[in-house]
Amino acid sequence: MQDGPLQAVPQIPPERIVLACARAAFGPAAEAALRTLLMAATPNWDQVTQLAHQHAVFPAVAAALSGVAPDLVPAATLARVRRQLRRSTAWSLAIADDLLHVDRLLRAERVPYLPFKGPALASLLCGTPCLRQCADLDLLIEKRDSERAVAALERAGYVPALPPGMDVKTYAKTHSVLAMERPGGKAVIELHWELMPASYRLPLEYTELDRFATPVLICGTPLKTFGAEHTALVLAVHGAKHCWERLGWIRDIALLVHCQPGLDWARVVAAARKHHCCRMLVLSVEVACSLFPVKMPEAITELAKADRRVTVTADLVRDSLFRGAARDDVHELAFAVSVRDRVRDCAGIWLRFVAARLKPNEADERALKLPAFARSLYWLIRPLRLFTVYGARAAACLALAAIGVSSHATAGSTTEALPSGAVRRAALARIPGRA
């Protein structure tokens, strides 16, 4: 296809092209739909590639354009996309090589570990580390091995991002992950001894994850990563933690459903109930199966139909996915409350949010100058200033997020009335920035 203006061809939003390309790997029907879309309209190709990178699906988008519809893309655009895909592939292979290097280092010191996300997840879902965009390496270790793991990587030139004067043992008492980097290395290595931060804690034991680990090939080298059932939980909680703001994370769930047809979703649901993240799991599959051509597992379908809060939140995720609006802390709080299973988890989120924001800061001092002997009054001034900044509208938004909490006071109760997606989105849109 030659470059040049195309007359009488309507412009199409870039998100439609990105989504159609991301779907293309799911079968011939999805490929045909992409070609039909490109024949009917022309997009702004710069916006398409920019959005694909933003949503961490560029390799999939580039592969679809290059392999499925090369004749429907302007020649210069196609050449540029292929150049970017080669660079992306080189980057992915370099990160995979870093993983194999770290594997040799930790094996030499007999430090057990499991890679997750990154090249390992790409190989599990796509069969290659090159078709999933990633930026760093995530390794799960046991907390007792943290000092040995850090020492092994330090001897190879990796530098831990520790606060000045703090050793690894002390750091591990109050943190769940440590980043390490070496000069000349491609990827930052994140050593995890807990999968998620405290606010989204997923208490899967290393021994359990290792027992059900599955083999993957990384550039011809066999490694182990999380089994499909545990991967589903980790992806669901990770996506919820980030409010499902990237299409790439949603696509991961869809690929898991698609490429693991034998996955026992009833067992996944049972594990999610055990770890109190069932709503996050159901939400993730609901959103993925609505955006990608995969059939929702029956075990998830029943739960999605029974939980109206999942429907409302899924609607919010889909509607905000390509808007690119910045989230503030109140948005994140509202979402965090909406995906929780238990009342006590919701209460804990509220308490942490309130406690963190009741502590006076520099903004309070700029708003009102007090002499040194009266500084304790800032603890009284702070709540008043917060109400002035956030106002009653933010309180209304948080109240909307909390609606439905009572539904989980009694297991399976879903009879409460929820606000429509439009009402809830309107409330979220009115929230001012952080104080």
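The values are calculated or read from the model by the stated rules, or taken from the named source; none is laboratory data. It should be emphasised that the depicted structure is a prediction, and the values quoted were computed from it without experimental measurement. Using ideal geometry, Cβ is built from the backbone for each residue, glycine included, and neighbour counts are taken over all protein chains shown. Please note that ligands, DNA and RNA were not included when accessible areas were found on the heavy atoms of the full protein model with its side chains. Shrake-Rupley method; radii C 1.70, N 1.55, O 1.52, S 1.80 Å.
Could you please state, rounded to a whole Å, how far the C-alpha centre of region 282-307 is from the C-alpha centre of region 14-63?
Spelled out, the Cα-based centre of one part sits 23 Å from the other.
Using mean Cβ contacts within 10 Å as the protection proxy, how do 335-343, 211-219 order, highest first?
Output ranking for 335-343, 211-219: 335-343, 211-219.
Rolling a 1.4 angstrom probe over the protein heavy atoms, how many square angstrom per residue are accessible across region 338-393?
Ligands and nucleic acids excluded, the result is 67 Å² per residue.
Work out how much length LYS359 to THR221 would gain on full extension: take 0.36 nm times their residue separation and subtract the Cα-Cα distance, in nm to one decimal.
Full extension from LYS359 to THR221 adds 44.6 nm.
Going by a ≥ b ≥ c, the root eigenvalues of the Cα gyration tensor, does region 187-230 fall in the rounded group (a/c under 1.5), the prolate group (a/b larger than b/c) or the oblate group?
In terms of gyration-tensor shape, oblate.
Could you report region 28-76's accessible area per residue, 1.4 Å probe, as an integer in Å²?
Ligands and nucleic acids excluded, the result is 39 Å² per residue.
Match the structure shown to one of the listed values [x] 26.0, 109; [y] 23.6, 75; [z] 43.5, 160 of Rg and Dmax of the Cα atoms in Å, computed from it, and give that label.
[y]
Taking 8 Å as the Cα distance limit and 6 or more residues as the minimum spacing, I'd like the relative contact order of region 92-190 as a percentage.
Result for region 92-190 is 29 percent.
Return the calculated 222 nm mean residue ellipticity for the chain, to the nearest 500 deg cm²/dmol, obtained by summing -39500 (n - 2.57) across DSSP H runs with n ≥ 4 and dividing by the residue count.
About -18000 deg cm²/dmol.
With every protein chain kept in the model, how would you rank ARG375, ARG35, ARG323 by accessible area, 1.4 Å probe, largest at the top?
Numbers: ARG375 105, ARG35 70, ARG323 160 Å².
Most to least solvent-accessible, the answer reads ARG323, ARG375, ARG35.
Put PHE322, PHE387 in order of accessible area, largest first, 1.4 Å probe: what do you get?
The most accessible residue leads, giving PHE387, PHE322.
First select every other residue whose beta carbon is under 9 angstrom from the beta carbon of ASP364; then total the charges, Lys and Arg +1, Asp and Glu -1. Don't jump to the answer; show the numbers that get you there.
Values: positive: ARG366, ARG382, ARG385; negative: GLU362, GLU365.
Overall, the nearby charge balance is +1.
What is region 208-252 by shape, rounded, prolate or oblate, if you read a ≥ b ≥ c off the alpha carbon gyration tensor as root eigenvalues and call it rounded for a/c under 1.5, prolate for a/b larger than b/c, and oblate otherwise?
oblate
Provide the FRET efficiency to the nearest 0.05 for the GLU298-ALA33 pair, computing r from the beta carbons and using R0 = 25 Å. Can you show the working numbers first?
Numbers: r = 25 Å, r/R0 = 1.02.
E(calc), rounded to 0.05, equals 0.50.
Suppose each label sits 7 Å from its Cα in the direction of the beta carbon; what would the ARG342-ASP328 distance come out to in nanometres?
Each label point lies 7 Å from its Cα, and together they span 3.2 nm.
State, as an integer percentage, the relative contact order of the chain based on alpha-carbon contacts under 8 Å between residues 6 or more apart.
Reported relative contact order: 11 percent.
With only alpha-carbon atoms counted, please give the Rg and Dmax of region 85-207, in Å.
14.5, 43
At a probe radius of 1.4 Å, what is the per-residue accessible area of LEU368, in Å² to the nearest 10?
Its accessible surface works out to 70 Å², give or take rounding.
Which order do HIS258, HIS242 take by accessible area at a 1.4 Å probe, largest first? Walk me through the intermediate numbers first.
Details: HIS258 80, HIS242 50 Å².
Largest accessible area first, the list is HIS258, HIS242.
I need the calculated FRET efficiency for the pair ALA306 and SER176, taking r as the beta carbon distance and R₀ as 22 Å, to the nearest 0.05. Don't skip to the answer; put the middle values down first.
Values: r = 33 Å, r/R0 = 1.50.
For ALA306 and SER176, the calculated efficiency is 0.10.
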